[in-house]
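The values are calculated or read from the model by the stated rules, or taken from the named source; none is laboratory data. Quick caveat: nothing in here was measured; it's all calculated off a predicted structure. Heads up, the Cβs are rebuilt from the backbone with ideal geometry, glycines too, and the neighbour counts pull from every protein chain shown. Just so you know, the surface numbers come from the protein's heavy atoms only, side chains and all, with ligands and any DNA or RNA stripped out. Shrake-Rupley method; radii C 1.70, N 1.55, O 1.52, S 1.80 Å.
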Amino acid sequence: DAMVIQNPRYQVTQFGKPVTLSCSQTLNHNVMYWYQQKSSQAPKLLFHYYDKDFNNEADTPDNFQSRRPNTSFCFLDIRSPGLGDAAMYLCATSRDRGPYNEQFFGPGTRLTVL
Amino acid sequence: GEDVEQSLFLSVREGDSSVINCTYTDSSSTYLYWYKQEPGAGLQLLTYIFSNMDMKQDQRLTVLLNKKDKHLSLRIADTQTGDSAIYFCAESISDYKLSFGAGTTVTVRA
């Protein structure tokens with residue numbers, strides 16, 4: 001089945017230790033998104049890739065970076081995780097931009113920062 | 001505060017109707033959505049409504065949109081145990097960006 005896959009599902013890191021979260025898709029979609037969702041809060045868009053073009057949200061901290069080496073893969077790098085970065089990180093894809101393009105979500109990676 | 005607001009919890013008896021309510025702020029939103037998240041799974045688009053519509057029905061699901069009050073609701077008829085999940089309301093605020101609510105956890109009791 002075509003899908004959005006996130007690895008690992010659970011990630012534990014130490015305060016200040018860099019961590020990378022992975023997302024892959026078999027949908028061949030042009031757009032990939034990263035959201036942060038803290039407990040009982042709305043998912044918040046961090047950034048998205050439109051093909052190879054990186055689009056950062058204005059309020060995304062510099063601590064968060066992303067890479068998209070090819071169509072299928074996208075990575076979220078947290079350079080120096082703080083306690084406040086503990087959250088669920090959701091990856092999503094869509095065929096194209098435009099509100100009529102459905103976003104398909106992966107199951108998320110839950111990040112714990114010790 | 002959240003741009004999209006929805007109540008956090010709803011408990012409903014199996015076989016009854018569920019109604020989940022949502023208010024949004026961007027009057028220029030062209031699409032409004034309901035996503036469903038089951039335990040251990042990602043958000044899945046359940047249904048959507050275009051902003052020039054008042055109502056959309058899809059099998060057991062009915063979406064009502066009141067643009068004047070910026071109010072969106074999702075009614076699930078004959079609620080089943082498989083409907084237990086978190087339901088997220090979202091609005092399109094740009095050609096790529098969705099603004100989500102915090103989600104309503106629906107618990108279906110026997």
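Among the numbered conditions (1) of a type in the set (Val, Ile, Thr); (2) assigned to a loop (DSSP other than H, G, I, E, B); (3) open to solvent by 40 Å² or more (accessible area, probe 1.4 Å), the only one that A:Thr112 does not meet is (2).
Scanning segment B:5-49 for residues that are hydrophobic (A, V, I, L, M, F, W, C) and more than 11 Å from B:Ile86 (Cα to Cα) gives B:Val12, B:Val19, B:Cys22, B:Leu32, B:Leu45, B:Leu46, B:Ile49. The single condition among (1) out of contact with any strand residue (DSSP E or B) (no Cβ under 9 Å at 6 or more places or on another chain); (2) in contact (Cβ under 8 Å) with a residue 40 or more places away in the chain; (3) under 12 Å from B:Tyr96 (Cβ atoms) that A:Asp53 does not meet is (2).
Within segment A:2-10, can one find any residue that is over 14 Å from B:Gly42 (Cβ atoms), hydrophobic (A, V, I, L, M, F, W, C) and at pLDDT 95 or above? Scanning segment A:2-10, I find no residue that is over 14 Å from B:Gly42 (Cβ atoms), hydrophobic (A, V, I, L, M, F, W, C) and at pLDDT 95 or above, so the answer is no.
Working only within segment B:77-110, note down all residues that are closer than 24 Å to B:Thr25 by Cα and among the hydrophobic types (A, V, I, L, M, F, W, C). Once the filter is applied, which keeps residues that are closer than 24 Å to B:Thr25 by Cα and among the hydrophobic types (A, V, I, L, M, F, W, C), segment B:77-110 yields B:Ile86, B:Phe88, B:Cys89, B:Ala90, B:Ile93, B:Leu98, B:Phe100, B:Ala102, B:Val106.
Say whether the condition of being open to solvent by less than 20 Å² (accessible area, probe 1.4 Å) and more than 16 Å from A:Leu21 (Cα to Cα) is met by at least one residue in segment A:75-95. Looking through segment A:75-95, at least one residue is open to solvent by less than 20 Å² (accessible area, probe 1.4 Å) and more than 16 Å from A:Leu21 (Cα to Cα).
Each row is one residue, and each column tells you yes or no for (1) open to solvent by less than 80 Å² (accessible area, probe 1.4 Å); (2) within 14 Å of chain A (Cβ to nearest Cβ); (3) free of Cβ contacts under 8 Å to residues at least 12 places away in the same chain.
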residue: B:Glu5; (1), (2), (3): no, yes, no
residue: B:Ser11; (1), (2), (3): yes, no, no
residue: B:Ile20; (1), (2), (3): yes, no, no
residue: B:Thr23; (1), (2), (3): yes, yes, no
residue: B:Ala41; (1), (2), (3): yes, yes, yes
residue: B:Gln57; (1), (2), (3): no, no, yes
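All conditions in (1) at negative phi; (2) more than 13 Å from the chain's Cα centre (by Cα); (3) within 13 Å of another protein chain (Cβ to nearest Cβ) hold for B:Ser84, with the sole exception of (3).
For segment A:32-82, give me each residue that is among the charged types (D, E, K, R), under 27 Å from B:Leu8 (Cβ atoms) and either more than 13 Å from every other protein chain (Cβ to nearest Cβ) or not in a strand (DSSP E or B) (or both). Result: A:Lys38, A:Glu57, A:Asp59. For segment B:87-110, enumerate the residues that are in contact with a Phe, Trp or Tyr (Cβ under 8 Å, 6 or more places away or on another chain), open to solvent by 50 Å² or more (accessible area, probe 1.4 Å) and either modelled with pLDDT under 95 or within 13 Å of another protein chain (Cβ to nearest Cβ) (or both). The answer is B:Tyr96, and nothing else. Restricting attention to segment B:75-88, does a residue exist that is outside any loop (DSSP other than H, G, I, E, B) and touching a helix residue (DSSP H, G or I) at 6+ places or on another chain (Cβ under 7 Å)? Yes, that holds for at least one residue. Pairs meeting the criteria (first residue in segment A:85-107 and facing chain B (nearest Cβ under 7 Å) and assigned to a strand (DSSP E or B), second residue open to solvent by less than 20 Å² (accessible area, probe 1.4 Å) and of a type in the set (Val, Ile, Thr), beta carbons under 7 Å, at least 6 apart or on different chains) are A:Phe105/A:Val4. Of the residues examined, B:Lys70 is one that is at positive phi and not polar (S, T, N, Q).
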